[in-house]
1. Just to check your reading of the model, which residue among 307, 322 is among the polar types (S, T, N, Q) and farther than 25 Å from residue 60 by Cα?
2. Mind listing just one residue for me: the one in the stretch 270-279 that is part of a loop (DSSP other than H, G, I, E, B) and open to solvent by less than 30 Å² (accessible area, probe 1.4 Å) and, of those, farthest from residue 303 (Cα to Cα)?
3. With respect to the numbered conditions (1) open to solvent by less than 30 Å² (accessible area, probe 1.4 Å); (2) under 17 Å from residue 324 (Cβ atoms); (3) of a type outside the set (Lys, Arg), which one is the sole condition not fulfilled by residue 182?
4. Within the set of pairs 6+ apart or on separate chains, which have a first residue in the stretch 136-152 that is without any contact (Cβ under 8 Å) to a residue 12 or more places away in the chain, a second that is open to solvent by 10 Å² or more (accessible area, probe 1.4 Å), and C-beta atoms under 9 Å apart?
5. Residues that are out of contact with any helix residue (DSSP H, G or I) (no Cβ under 8 Å at 6 or more places or on another chain) and modelled with pLDDT under 80, at least 1 per element: which helices (runs of 4 or more DSSP H) completely within the stretch 73-144 meet that?
6. Within the stretch 280-297, track down each residue that is part of a helix (DSSP H, G or I) and crowded, with 24+ Cβ neighbours inside 10 Å.
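The values are calculated or read from the model by the stated rules, or taken from the named source; none is laboratory data. Quick caveat, the model's predicted, so the values are computed rather than measured. For neighbour counting, all protein chains shown are included, and Cβ atoms are generated from backbone atoms with ideal geometry for every residue, glycine included. Quick note on the areas: whole protein, heavy atoms, side chains included, nothing else; ligands and nucleic acids left out. Shrake-Rupley method; radii C 1.70, N 1.55, O 1.52, S 1.80 Å.
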Amino acid sequence: MAATKAAPPRVDHRDADDREGWEFNSPLVLTMLLLVVVALQGPIRRGLSAPVMQSWMTVFVAVVVQALPFLVLGVLLSAIIAVFVPPSFFARALPGQPALAVPVAGMAGAVLPGCECASVPVAGALVRRGVTPAAALAFLLSAPAINPIVLTATAVAFPGNPRMVLARFAASLLVACAMGWLWQRLGRTGWLRPPDRPSFDGLGKGAAFWGSVRHDVMHAGGFLVVGAMAAATLKAVVPASWLHTAAHNPVVSVLALAILAVLLSICSEADAFVAASLSQFSLTARLAFLVVGPMIDLKLFAMQAATFGRGFALRFAPATFTLAVLISVLVGAVLL
């Protein structure tokens, strides 16, 4: 019996064409978005002219403009660490025992002239290069709060009270080391899940460097914008009268300024001047504002989730906030 030849499978070109017709690419989406904006430019203009929207735009632009240069600085340092610094360097520079590496890394934060937006990508690069996470996290928390630029700004903002500079340095370093040791003892490897990154193996150092820079700027920059939008929204809707009411209660005043630091998301180079302007609050409450802000705020939470994973951020942020408030109160009671 002759074998029958199987008929080739039928291809439905109509379905394929329909599927291709529904595919959207970036230029098409951008064109449609621009057409919608042009068509609705009247309502959009009227909406943006409202006082609440002007306040929103002011805060959003201020947060982004303050943070972006330091984000770029951090991305450049991250790329340098990833491409040009061999992993063996960190094995030599840090103590072998994680418990000793934590305070060394915390003190190393004093030499980075940047803010929290710079420290996040650098800490991510340190973890990828083999640094123990406890030490990298101590560096992440200390660098924005105890570097020379921030301490100098604090001294200028509080000219009649140099103890505020010492209190900020001591409280911030204590929180950073405590969180590092806490992660070493209780942290789980599964909680730290950085997103996948493109591989630059096989490329020259220059190409790998700029590839890493482009990836981190687009990745972390997007989360910076999201955090700035959230901070601007909350700043625009929280009544200023609430602050005056909270200042009269010692406990509430500390919590109020700690929460305000999270919501405002001010760059650590500028937050001392904001704290100095809140003269109705005690020095201890303002110290909590200065310690909490560089360690956990809206934009930082978004960036930490982008760099280390959402599960990490959901655990790390509440613990950091709690320790920062408690240590600020203790240090304020002793030094202020």
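1. The conditions single out 322.
2. By that ranking, first place goes to 278.
3. (1)
4. Here the result reads 152/165, each pair linking the stretch 136-152 to a residue that is open to solvent by 10 Å² or more (accessible area, probe 1.4 Å).
5. Helices (runs of 4 or more DSSP H) meeting the threshold: 87-93.
6. Matches in the stretch 280-297: 285, 286, 287, 288, 289, 290, 291, 292.
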